[in-house]
Amino acid sequence: MATTKHTLVAIVRDRPGVLNRMVSLFRRRGFNIDSIVVGHSEEPEMSRVTIVVNGSAAMVEQVRKQLDKLVDVVRISDITGENITVRELALVKVKASSGTRSEILEIADIFRANIVDVASDSLTIEVTGDEDKIDSMLKLLRSYGIKEIARTGRVAMVRGTIRVPSQVEGRKKRMI
Amino acid sequence: MKKTGAQIICESLLAEGVEVLFGLPGGSILPFYDTLSQYPQLRHILVRHEQCAAHAADAYARVTGKVGVCVATSGPGATNLVTGIANAHLDSVPIVAITGQVARPFIGKDAFQEIDITGITLPITKHSYLVHDAAELASIIKEAFYIARSGRPGPVLIDVPRDVQLEQVEYVPPGEVNLPGYKVPTRGHPTQLKNAARLINEAQRPLIIAGHGVIISGASEELKKLAETAQVPVITTLLGLGGFPGNHVLNYGMAGMHGTGYANRAIDNADLIVAIGIRFDDRLTGKISAFAPHAKIIHIDLDPAEIGKNVRVDVPIVGDVKVVLEAMLEMIEPREHLEWLRQLEDWRRQHPIEPAREGSGLLPQYVIRQIYEATGGDAIIVTGVGQHQMWTAQHYVFHEPGTFVSSGGLGTMGFGLPAAMGAKVGRPDRTVWLIDGDGSFQMTIQELATLVQDKIAIKIAIMNNGYLGMVRQWQELFHGKRYIATPLSCPDFVKVAEAYCIPGLRVTRREEVSGAIAQAMAYHGPFLISFAVEPEENVFPMVPPGASVAEFIEHPQKEVSVWPRQNTP
């Protein structure tokens, strides 16, 4: 079965164990989660979880339904096919000598990245964008020697006025 | 008024209408047990192993429609509950498990009898709680019962640290349950209801498969009306037995691996399948790609995650079975499907449920039919797991919901005795027969003591064939008759019963069967009969694993060996 990358967005109650419960449903089916990002949402005591996972559409839909059944998951939606804004943040520590520093700064500039730390032999760059943009920058930086990378994983939001995904209803409509 | 955590648990249980707890005490749950003396309305039944507390609560819930409650201490007490909780999870049975936990300062320090039971049971509970504050107890318990019994029922675990049980807090009765993320769908989508009704009205060879969901939802009457109005034959899953009267003219028995030949042929030939409250388990469907090749499928289930999980569905209806059927009935037109029914009757003649053969030794099928005759189908029948379970499903006729209690999804050997116990405690007015196998029975045999101590008058029929019979059957049919690790050197069950002060009989001949059953039923207390049945009798029909349901094999009329079996390796 063809697998594709899916982005699931969930609003969950801020309770101990909620992540554990969610992740367990993926683990059980042998999914490897590409990234999972958790943070506060616009609602008090609710967190927003963004999960990126590779799988067949049917399998991901089955997991989404199972996730939706969790008592602490308020709503969850697979926004893969939607018109979405996707962002990730990365911190990259690159080797930099006096000879290469200006070249690296130029690359950072092209990617509208910020220099957040400078040391005698390295630069730390902060970059945001979708995964492709970050991958491209990393590719260019690799020849200088990358010492460390920290990536946040994907956060995503549907464009326009639609708020997240109370897509239980949306789903039902699509099924009919 | 100030109350201790333990008192709040008891108050909350009473508020939920709880009358019975099954459990076994230990250090971490002791403050709770200590409080029970102040609440004589709560009957506590002391089991001999915590697994049995969970099974008893499970069966109690199945026969009463209430939430079953089991209690255990931390560590090994809690882990012993796991199998019972998993069983309830797979069969969608509402139970609440209360476990003691080490005191809060010791949590996470590998203290004596500390185990992360909420973590362990995470995938097998509908929800679970670790209580950090006695002030939360009342609302947690209310929520737990609500979650256990609403929607698709299931087990909920509440882990209560010892010091939380002792903590004194102001007791405030809980308010309304507020769970923003918890959805309980009720009515199906109107368009889908219309689509379903149209398919039913147009079908030539329609077939209803009724499952546990019909019983849970209390939709037997609606199912009957639907079947009769549209003249649709009904087959059931294992746990669907009793959801549609066994002697109804439209009942064609149980389908699946050990289902009737005619039910399975009906699946194979139907042009419409109305699946009601079932989850298309592999034991029902056989080879999934060959399941119901000519049929459109309407699937009615409360749980949206069940729709399309195993089979493609043409009309999905997410909703409570009873509500959905009620709505659908208004759109169903009276129909006749005489040709289709005639076809089914032909199959019934060609593939009869194998009668108890003459001339051989004591056959388990015969014993089960005799229990049916003696009870008139008016008993609650509980089984373990294995051949005896399938023979019971095939040969006992279940007339009403809640009269067949069995471990379906998990297939838990050892479920029988504690479940029969729980069923009898829940329905003391009913005769409860446990039909068990010698292998299954020995897994929880210690509960004989509970029967005596708590005066639980169940009747026990052991189909004693000296084997782990179902496994042996697979070895015979698919593993070249290599009976590895299946012969059982059994104890003398009658003597075992006697040691527990339970009278018993050993039956080896057909002529003795009905007399022994009558004697058991006439006795005022628990009674055990060990039936020395044909050791190598098989359950037929059987759909071989991996085959389509149409490819069932029937009894090959093989020579059976004679009791007692000769060479045990």
I need to check one value: relative contact order of chain B, counting alpha carbon pairs closer than 8 Å and at least 6 residues apart, in percent. 14 percent
List the residues of the range A:14-43 that lose 30 Å² or more of accessible area once all protein chains are present, compared with their chain alone (1.4 Å probe, heavy atoms only, no ligands or nucleic acids). A:21
Which entries in B:66/B:224; B:66/B:287; B:287/B:481; B:3/B:183 show an alpha-carbon gap greater than 28 Å? B:66/B:287; B:3/B:183
Tell me, what % of the accessible area of chain A is carbon and sulfur with a 1.4 angstrom probe? 51 percent
Calculate for chain B the 222 nm mean residue ellipticity that helices alone would give, adding -39,500 (n - 2.57) per DSSP H run of length 4 or more and normalising by residue count, nearest 500 deg cm²/dmol. -10500 deg cm²/dmol
Could you give each residue of the range B:329-344 its phi-based ³J(HN,Hα) in whole Hz, using Karplus coefficients 6.51, -1.76, 1.60 with θ = phi - 60°, and x for Gly or Pro? 4, 5, 9, 8, 9, x, 9, 10, 10, 4, 5, 5, 5, 4, 4, 4
With 10 Å bins from 0: P(r) over the range A:4-82, alpha-carbon pairs, percent: 19, 59, 21, 1
Please sort B:505-514, B:421-430 by packing, taking for each peptide the average over its residues of neighbouring beta carbons within 10 angstrom, highest first. B:421-430, B:505-514
List the extent of the Cα atoms of the range A:86-155 along each of their three principal axes, largest first, rounded to whole Å. 35, 18, 18
So how much accessible surface do B and A hide from each other in total, probe 1.4 Å, in square angstrom to the nearest 100? 1800 Å²
Give the long-range amide H neighbours of residue B:254: residues separated by 5 or more places, or on another chain, with amide H under 5 Å away, using H modelled in the peptide plane at 1.01 Å from N. B:236, B:260
Go from 0 up to the bin containing the longest alpha carbon distance in the range B:1-142, width 5 Å each, and give me the % of pairs per bin. 2, 10, 20, 25, 23, 14, 5, 1, 0
Specify the inter-centroid distance of the range A:1-42 and the range B:475-548, based on alpha-carbon positions, in whole Å. 48 Å
Protection proxy ranking of B:381-392, B:132-143, B:541-552, B:403-414 - average other beta-carbon atoms within 10 Å, highest first: B:381-392, B:403-414, B:132-143, B:541-552
How high is the FRET efficiency from residue B:522 to residue B:14, r the C-beta distance, R0 41 Å, rounded to 0.05? 0.65
Which aspartates and glutamates, if any, have their Cα less than 13 Å from the Cα of residue B:2, not counting same-chain residues under 8 positions apart? B:11, B:167, B:170
Would you mind pulling out the separation of the Cα centroids of the range B:40-66 and the range A:68-110, in Å? 53 Å
Summarise the partner chain shielding of A:54-67 as one whole number: the mean count of Cβ atoms from other chains within 10 Å of each residue's Cβ. 2
Interchain or sequence-distant (5+) residues whose placed amide H lies within less than 5 Å of the amide H of residue B:396 are none
With a/c under 1.5 counting as rounded, go ahead and sort the range B:190-350 into rounded, prolate or oblate using the C-alpha gyration tensor (a ≥ b ≥ c being the square roots of the eigenvalues; past the cut-off, prolate if a/b is larger than b/c, else oblate). rounded
Between rounded, prolate and oblate, where does chain A land on the alpha carbon gyration tensor, with a ≥ b ≥ c its root eigenvalues, rounded for a/c under 1.5, else prolate if a/b exceeds b/c? prolate
So which of A:5/B:296; A:5/A:133; B:142/B:322 end up more than 27 Å apart, counting from Cα to Cα? A:5/B:296
For a protection proxy built on the mean count of beta-carbon atoms within 10 angstrom, sort B:285-292, B:171-178 highest first, please. B:285-292, B:171-178
Run the numbers on the range B:123-169: which residues show a drop of 30 Å² or more in accessible area, chain on its own versus all protein chains together, using a 1.4 Å probe over heavy atoms? B:123, B:127
Compute from the Cα atoms of the range B:421-556 the Rg and the Dmax, the latter being the longest Cα-Cα distance, and quote both in angstrom. 17.1, 49
Can you give the average number of partner chain beta-carbon atoms within 10 Å of each beta-carbon in peptide A:71-78, as a whole number? 4
For the pair residue B:329 and residue A:4, how long in nm is the line joining their label points, each one 7 Å along Cα→Cβ? 4.4 nm
Spelling it out for residue A:34: with amide H atoms placed in the peptide plane at 1.01 Å from N, the residues 5 or more places away or on another chain with amide H under 5 Å from its amide H are A:52, A:53, A:54
What is the percent carbon and sulfur in the accessible area of the range B:190-350, measuring with a 1.4 Å probe over the protein chains and ignoring ligands? 47 percent
Compare each residue of the range B:284-308 in its chain alone against the assembly with all protein chains, and report those whose accessible area goes down by 20 Å² or more; 1.4 Å probe, heavy atoms. B:303, B:304, B:305, B:307
What nm distance separates the two modelled labels at residue A:95 and residue A:14, each placed 7 Å from Cα along Cα→Cβ? 4.4 nm
Using only the Cα atoms of chain B, build the gyration tensor, take square roots of its eigenvalues as a ≥ b ≥ c, and label the shape rounded, prolate or oblate: rounded if a/c is under 1.5, else prolate if a/b is larger than b/c, else oblate. oblate
Could you pull the Cα extents of the protein assembly as shown along its three principal axes, largest to smallest, in whole Å? 102, 64, 57
Output needed: percent of Cα pairs per 10 Å distance bin for the range B:423-476, bins running from 0 to the one holding the longest distance. 22, 44, 23, 10, 1
Given a Förster radius of 22 Å and the C-beta distance between residue B:342 and residue B:554 as r, what FRET efficiency does 1/(1 + (r/R0)^6) yield to the nearest 0.05? 0.50
Stokes-Einstein translational diffusion, the range B:376-421 - Kirkwood Rh over all Cα pairs, 1.002 mPa s, 20 °C, in µm²/s: 199 µm²/s
Need one value for B:176-183: mean number of C-beta atoms belonging to other chains within 10 Å of its residues' C-beta atoms. 5
Between residue A:87 and residue B:373, what is the label-point separation in nm under the 7 Å Cα-to-beta-carbon projection? 8.0 nm
Helix-derived [θ] at 222 nm for chain A: sum -39500 (n - 2.57) over DSSP H runs of at least 4, divide by residue count, nearest 500? -9000 deg cm²/dmol
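The values are calculated or read from the model by the stated rules, or taken from the named source; none is laboratory data. Everything quoted here is computed from the prediction, not taken from an experiment. Counting neighbours? That spans all protein chains shown, and the Cβs are built from the backbone with ideal geometry, glycine included. What goes into the accessible areas is simple: the full protein's heavy atoms, side chains included, and nothing from ligands, DNA or RNA. Shrake-Rupley method; radii C 1.70, N 1.55, O 1.52, S 1.80 Å.
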